[in-house]
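Trainee: Mind having a look at this structure? Questions to follow.
The values are calculated or read from the model by the stated rules, or taken from the named source; none is laboratory data. Just so we're clear, the structure is a prediction, and the values are computed from it rather than from any experiment. Cβ atoms come from the backbone with ideal geometry, glycine included; neighbour counts cover every protein chain shown. Each accessible area value is taken on the protein alone, full model and side chains, heavy atoms only, with ligands, DNA and RNA left out. Shrake-Rupley method; radii C 1.70, N 1.55, O 1.52, S 1.80 Å.
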Amino acid sequence: MTVIQWYPGHMAKAKRQMQEDMRIVDMSLVVLDARIPQSSYNPDFDRILYQKPVLMVLNKRDLADSAATKRWLKALPQAKENCVGAVAINAQQTQGVKELERQIMQAAQPLFAALAAKGRRKRPVRVMVAGAPNTGKSTLINSLLPKATAKTGNKPGVTRGKQWVRLGEQIELLDTPGVLWPKFEQPEVAFRLAVTGAISETVYDYYQVALQLLAWLLQHGAEQLAARYKMAAADLTQPPELVLEAVGRARGLLAAGGQVRLEETARLLLAEFRNGKIGQFTLDAI
């Protein structure tokens, strides 16, 4: 299995800033990729965020297996002591966003009660938005606003500095850069982060990651794979290297002499997996 590591310097700086900002926020939203709810969770958050309430957000639910998402929504709050709930959304289409707002306000009730008990004026709940790169933190914030405010992009590392965004009179969100952790102990975690777009494309071999993805799909999504690329049952019994060639032929990605352009085919496969064209999959088992 390909070994992948990626921890640019700005992430260490962003993590230190998050630790400082915990003094001024009331709670955190941890934005996860619904396809990899466990693998996209930064274990450093256990130390940084859990001194205050945390709400888990499974974004990109439209790309994940819906039955698996339901199971993860039940399991996540039980796994972390200070987790107050979990909600699945599709920030791109603003699906589930109203439920997210409701859960934020529900989690903020103890804060409002404490302010009232001290005779202090009610203020907006301050919420830090944290997560791994490319989980959709800025897109989530924009989905809560009438017009785009936070920077967004489909590449990891778009947001580099913190940004405060106010939602009406009740919620203030602190957008933070996507942060990973210094070392991926399990190669499977690094693979899942790479295949879903959370790791910079410059640090891994497209071909090798595509082969790993095909090996996984042949076990967990062979029917969808065959349907997408019009493959025969016999194609699915071949090694991933030959299946990738079949994908290239199906898409007409051929060089002179009929050779499949493997690099281009690998990129196509990863792109179509990421945007849900092959099917809806959850790579983290539960």
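Trainee: Which residue pairs have Cβ atoms closer than 8 Å, lie 6 or more positions apart in sequence or on different chains, and pair a first residue in the range 110-123 that is without any contact (Cβ under 8 Å) to a residue 12 or more places away in the chain and more than 24 Å from residue 54 (Cβ to Cβ) with a second residue that is open to solvent by less than 70 Å² (accessible area, probe 1.4 Å) and not small (Gly, Ala, Ser)?
Mentor: Between residues of the range 110-123 that are without any contact (Cβ under 8 Å) to a residue 12 or more places away in the chain and more than 24 Å from residue 54 (Cβ to Cβ) and residues that are open to solvent by less than 70 Å² (accessible area, probe 1.4 Å) and not small (Gly, Ala, Ser), the close pairs are 121/115.
Trainee: Here are some conditions: (1) over 15 Å from the mean Cα position of the chain (by Cα); (2) open to solvent by 50 Å² or more (accessible area, probe 1.4 Å); (3) of a type outside the set (Ser, Thr, Tyr). Residue 62 meets all but one. Which one does it not meet?
Mentor: (1)
Condition check ((1) touching a Phe, Trp or Tyr at 6+ places or on another chain (Cβ under 8 Å); (2) in a loop (DSSP other than H, G, I, E, B)) across all residues:
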position: 7; (1), (2): yes, yes
position: 10; (1), (2): no, no
position: 14; (1), (2): no, no
position: 17; (1), (2): no, no
position: 29; (1), (2): no, no
position: 47; (1), (2): no, no
position: 52; (1), (2): no, yes
position: 57; (1), (2): no, no
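Trainee: Can you tell me how many residues within the range 13-55 are more than 21 Å from residue 97 (Cβ to Cβ) and open to solvent by 30 Å² or more (accessible area, probe 1.4 Å)?
Mentor: Within the range 13-55, residues that are more than 21 Å from residue 97 (Cβ to Cβ) and open to solvent by 30 Å² or more (accessible area, probe 1.4 Å) number 15.
Trainee: Could you list all residues from the range 78-110 that are open to solvent by 20 Å² or more (accessible area, probe 1.4 Å), within 25 Å of residue 15 (Cβ to Cβ) and in a helix (DSSP H, G or I)?
Mentor: Result: 79, 107.
Trainee: Also, quick follow-up: Can you report the number of residues in the range 1-43 which are hydroxyl-bearing (Ser, Thr, Tyr), closer than 16 Å to residue 129 by Cα and out of contact with any strand residue (DSSP E or B) (no Cβ under 8 Å at 6 or more places or on another chain)?
Mentor: Looking only at that region, the number is 0.
Trainee: Going residue by residue through the range 69-77, is there one that turns out to be surrounded by fewer than 21 Cβ atoms within 10 Å (Cβ to Cβ) and outside any helix (DSSP H, G or I)?
Mentor: Checking the range 69-77: not a single residue is surrounded by fewer than 21 Cβ atoms within 10 Å (Cβ to Cβ) and outside any helix (DSSP H, G or I).
Trainee: Does residue 119 meet the test of being more than 19 Å from residue 170 (Cβ to Cβ) and either open to solvent by 30 Å² or more (accessible area, probe 1.4 Å) or outside any loop (DSSP other than H, G, I, E, B) (or both)?
Mentor: yes
Trainee: Identify all residues within the range 187-208 that are among the hydroxyl-bearing types (Ser, Thr, Tyr) and either over 12 Å from the mean Cα position of the chain (by Cα) or assigned to a helix (DSSP H, G or I) (or both); write none if there are none.
Mentor: Once the filter is applied, which keeps residues that are among the hydroxyl-bearing types (Ser, Thr, Tyr) and either over 12 Å from the mean Cα position of the chain (by Cα) or assigned to a helix (DSSP H, G or I) (or both), the range 187-208 yields 200, 202, 204, 206, 207.
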